[in-house]
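Engineer: What follows is a structure written as structure tokens; I'll ask about it next.
The values are calculated or read from the model by the stated rules, or taken from the named source; none is laboratory data. Just so it is clear, the structure is predicted and the values come from calculations on it, not from any experiment. Cβ: placed from backbone, ideal geometry, glycine included. Neighbour counts: every protein chain shown.
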Amino acid sequence: MESAQGLKSRLHSISSTRQITRSMQMIASTKVQKTLRRMQQNAPYVERFDDIIRNVMRFAFHTRHRYIAPPDAGCSAIIAVSGNRGLCGAYNVNVCRETVSQIRRMNRDVRCVTVGRKIRDHLGRRKYIVERAFDGASESPFYETARDAGKIALELYEKGAVDSIFIVYTRYESALSLLPFTKQILPLGVSDQSGRDPRGRQMSFEPGLDDALDHVVPLYLSACVYGAMLNAAACEQSARIVSMDAASRNCADMYERLSLRYNRLRQSSITQELNEIVGGAEALLSTEEG
Amino acid sequence: MDGRADRKLRLRVLTPYGSLCDREVDYVIFRSTEGDAGIQIGHEPFTAVLNEGLLVYHVDAEVHALVVLGGVASVLDDEVSVVSEIAEHPDRIERLINDLALEKAALAEEEKKGSMDIQVMELGLRRALVRIDVSAYSIIKGRVGIAEFDEDARGADDGGN
């Protein structure tokens, strides 16, 4: 049976842990608000870029530009975004699992660019090629990091080492719906709307279509990676809030159970001491009477 | 009459850090890599790569301007969308340029221990040009300092939050 001293020490430890988890929850709540604000500010930029690309493809589906119809390289590039730290439930595990299952589904060589330590370690352990790892900015993403990550993937594409670029990240739907998601960036997809303009118009490009694509696509890639990083950061903090809330509640439950045990133990020791005192007093009385 | 006089263009100017402009306008002029392009209501579908320069738009009798450092403009269905990594109001950009020039000059002085460097001289020249006219941005070649602008914008973004 555990001693009262041991129980007291455990209670103290649980109380400290609860303080830490509560603080982490509060910090994550503040960070998620900030990140969500940044994400909301950025969202129209990415959406508008998606629209521009969709419109360009609607009018320019016939071109054989390398960003639309690349030569087969037998290899793809994946930009995978995860967190740097744990203590956020299944967030990192889910995005790592999605990346690996995506690689398996492709069934071809893959070269990865990682943002976040967790995905870098996960892919490294499985001997996948990690071209470049960005570890610094999972919680507070910088546009420069997104631009650099996109640039590395695009360089591989330009060299003909890969023929497609994907981004794997966690998309923020709501605080409770964090979905690992894969988005194809290149080659640019030909949609159902391609070639169909209801009014039969043509789009003009300045400079020409091919030159325009040369300029637009690197910007589009940076925009997509930055958007993905902001989504991932919001998801990480959101997952941390939920996870730390659960941890705090578990701490509270455990504290309550142990407090009960400790109080019982303390009570029984007091009762025992009282019994001993009463017994001793009675013994003394009977000796005196005898 | 096709009612063009009553209709307006929708102008959206977006950067990774937020929206700079989202309003109805009469007329837009931006600087593409091929020269200035003016957009009015009923313009044909058009996509242009932007050069560094001013984006000017007219709302009723007023003229407004934004500085746009590269990016893409798309015109479709009377809607002009401009997406750019760096775009700002001219007064803010001027301040950024001045800060940048001062910072770079101070750094150069520290590093070179007083020796004049061509880059520093170039920066001084650009700063003077910007003071004369904000549209002197077109003269800034090689995008010197763009990363620093970005950093500053990021700092402002973070600080603002």
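Engineer: What single numbered condition from (1) over 25 Å from B:VAL49 (Cα atoms); (2) outside any helix (DSSP H, G or I); (3) within 11 Å of chain B (Cβ to nearest Cβ) fails to hold for A:MET229?
Structural biologist: (2)
Engineer: Take the stretch A:82-105 and flag every residue that is over 30 Å from A:THR17 (Cβ atoms) and among the β-branched types (Val, Ile, Thr). Full working, then the answer.
Structural biologist: So the first thing to find is which residues in the stretch A:82-105 are over 30 Å from A:THR17 (Cβ atoms), and the list is A:98-105.
Result: A:THR99, A:VAL100, A:ILE103.
Engineer: Also, quick follow-up: Kindly check whether there is at least one residue in the stretch B:48-58 that is out of contact with any Ser or Thr (no Cβ under 9 Å at 6 or more places or on another chain), touching a residue at least 12 places away in the same chain (Cβ under 8 Å) and acidic (Asp, Glu).
Structural biologist: So far as the stretch B:48-58 goes, no, none of its residues is out of contact with any Ser or Thr (no Cβ under 9 Å at 6 or more places or on another chain), touching a residue at least 12 places away in the same chain (Cβ under 8 Å) and acidic (Asp, Glu).
Engineer: Does A:ASP214 count as surrounded by 14 or more Cβ atoms within 10 Å (Cβ to Cβ), over 18 Å from the mean Cα position of the chain (by Cα), within 13 Å of chain B (Cβ to nearest Cβ) and modelled with pLDDT under 90?
Structural biologist: Details: surrounded by 14 or more Cβ atoms within 10 Å (Cβ to Cβ): yes; over 18 Å from the mean Cα position of the chain (by Cα): yes; within 13 Å of chain B (Cβ to nearest Cβ): yes; modelled with pLDDT under 90: no.
No, not satisfied.
Engineer: For the list (1) in contact with a Ser or Thr (Cβ under 8 Å, 6 or more places away or on another chain); (2) part of a helix (DSSP H, G or I); (3) closer than 28 Å to A:SER204 by Cβ, I need the number of the one condition that A:VAL46 fails.
Structural biologist: (1)
Engineer: Is it the case, given these coordinates, that A:ALA77 is hydrophobic (A, V, I, L, M, F, W, C), over 30 Å from A:GLY200 (Cα atoms) and surrounded by fewer than 16 Cβ atoms within 10 Å (Cβ to Cβ)?
Structural biologist: On the way: hydrophobic (A, V, I, L, M, F, W, C): yes; over 30 Å from A:GLY200 (Cα atoms): yes; surrounded by fewer than 16 Cβ atoms within 10 Å (Cβ to Cβ): no.
Criteria not met by A:ALA77.
Engineer: How about the stretch B:47-74: which of its residues are away from every other protein chain (no Cβ under 14 Å) and within 8 Å of the chain's Cα centre (by Cα)?
Structural biologist: Residues of the stretch B:47-74 that are away from every other protein chain (no Cβ under 14 Å), as a first pass: B:54-67.
Of everything in the stretch B:47-74, those that are away from every other protein chain (no Cβ under 14 Å) and within 8 Å of the chain's Cα centre (by Cα) turn out to be B:LEU54, B:LEU55, B:LEU66, B:VAL67.
Engineer: Here's something else I'd like to know. If we scan the stretch A:70-91, do we find a residue that is among the aromatic types (Phe, Trp, Tyr), modelled with pLDDT of 90 or more and more than 16 Å from the chain's Cα centre (by Cα)?
Structural biologist: Residues of the stretch A:70-91 that are among the aromatic types (Phe, Trp, Tyr), as a first pass: A:91.
Restricting the remaining residues to those that are modelled with pLDDT of 90 or more gives A:91.
Filter once more, so that each one left must be more than 16 Å from the chain's Cα centre (by Cα): none.
No, the stretch A:70-91 contains no residue that is among the aromatic types (Phe, Trp, Tyr), modelled with pLDDT of 90 or more and more than 16 Å from the chain's Cα centre (by Cα).
Engineer: Another question, then. When you scan the stretch A:10-27, do you find a residue that is in a helix (DSSP H, G or I), within 17 Å of the chain's Cα centre (by Cα), surrounded by fewer than 18 Cβ atoms within 10 Å (Cβ to Cβ) and aliphatic (A, V, I, L, M), even just one?
Structural biologist: Our first condition is that a residue be in a helix (DSSP H, G or I); within the stretch A:10-27, this holds for A:10-27.
Within this subset, residues satisfying the condition of being within 17 Å of the chain's Cα centre (by Cα) are A:24-25, A:27.
Now restrict to residues that are surrounded by fewer than 18 Cβ atoms within 10 Å (Cβ to Cβ): A:27.
The next check asks that each one be aliphatic (A, V, I, L, M); those that pass are A:27.
Checking the stretch A:10-27: at least one residue is in a helix (DSSP H, G or I), within 17 Å of the chain's Cα centre (by Cα), surrounded by fewer than 18 Cβ atoms within 10 Å (Cβ to Cβ) and aliphatic (A, V, I, L, M).
Engineer: All but one of (1) away from chain B (no Cβ under 14 Å); (2) farther than 30 Å from A:PRO218 by Cβ; (3) surrounded by 15 or more Cβ atoms within 10 Å (Cβ to Cβ) hold for A:GLU2; state the number of the condition that does not hold.
Structural biologist: (3)
Residue by residue, here is whether (1) charged (D, E, K, R); (2) more than 8 Å from chain A (Cβ to nearest Cβ); (3) closer than 22 Å to A:GLY200 by Cβ holds:
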| position | (1), (2), (3) |
| --- | --- |
| B:GLY35 | no, yes, no |
| B:GLN40 | no, yes, yes |
| B:PRO45 | no, no, yes |
| B:VAL80 | no, yes, yes |
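Engineer: Return a yes/no flag: does the stretch A:49-67 have any residue that is within 26 Å of the chain's Cα centre (by Cα), crowded, with 20+ Cβ neighbours inside 10 Å and at pLDDT below 95.
Structural biologist: yes
Engineer: From the residues in the stretch B:37-78 that are of a type in the set (D, E, K, R) and surrounded by 14 or more Cβ atoms within 10 Å (Cβ to Cβ), which one is farthest from B:GLY18 (Cα to Cα)? Full working, then the answer.
Structural biologist: The initial filter retains those residues of the stretch B:37-78 that are of a type in the set (D, E, K, R), namely B:44, B:52, B:60, B:62, B:77-78.
Those left that are additionally surrounded by 14 or more Cβ atoms within 10 Å (Cβ to Cβ): B:52, B:78.
Working: B:GLU52: 19, B:ASP78: 22 Å.
If we take residues in the stretch B:37-78 being of a type in the set (D, E, K, R) and surrounded by 14 or more Cβ atoms within 10 Å (Cβ to Cβ), then B:ASP78 is farthest from B:GLY18 (Cα to Cα).
Engineer: Hey, among A:VAL100, A:VAL130, which residue is assigned by TED's automatic domain parsing to the domain that holds A:VAL81, in a helix (DSSP H, G or I), free of Cβ contacts under 8 Å to residues at least 40 places away in the same chain and not charged (D, E, K, R)? First the steps, then the outcome.
Structural biologist: Details: A:VAL130 fails: in a helix (DSSP H, G or I).
After ruling out the rest, the residue left standing is A:VAL100.
Engineer: What are the residues in the stretch A:146-184 that are assigned to a strand (DSSP E or B), aliphatic (A, V, I, L, M) and free of Cβ contacts under 8 Å to residues at least 60 places away in the same chain, if any?
Structural biologist: Residues of the stretch A:146-184 assigned to a strand (DSSP E or B): A:165-174, A:177-184.
Applying the additional criterion that residues be aliphatic (A, V, I, L, M) yields A:165, A:167-168, A:178-179.
Answer for the stretch A:146-184, where residues must be assigned to a strand (DSSP E or B), aliphatic (A, V, I, L, M) and free of Cβ contacts under 8 Å to residues at least 60 places away in the same chain: just A:LEU179.
Engineer: Here is a follow-up. What is the one condition in (1) polar (S, T, N, Q); (2) touching a Phe, Trp or Tyr at 6+ places or on another chain (Cβ under 7 Å); (3) closer than 30 Å to A:ALA90 by Cα; (4) within 13 Å of chain B (Cβ to nearest Cβ) that A:GLN202 does not satisfy?
Structural biologist: Of everything listed in (1) polar (S, T, N, Q); (2) touching a Phe, Trp or Tyr at 6+ places or on another chain (Cβ under 7 Å); (3) closer than 30 Å to A:ALA90 by Cα; (4) within 13 Å of chain B (Cβ to nearest Cβ), A:GLN202 misses just condition (3).
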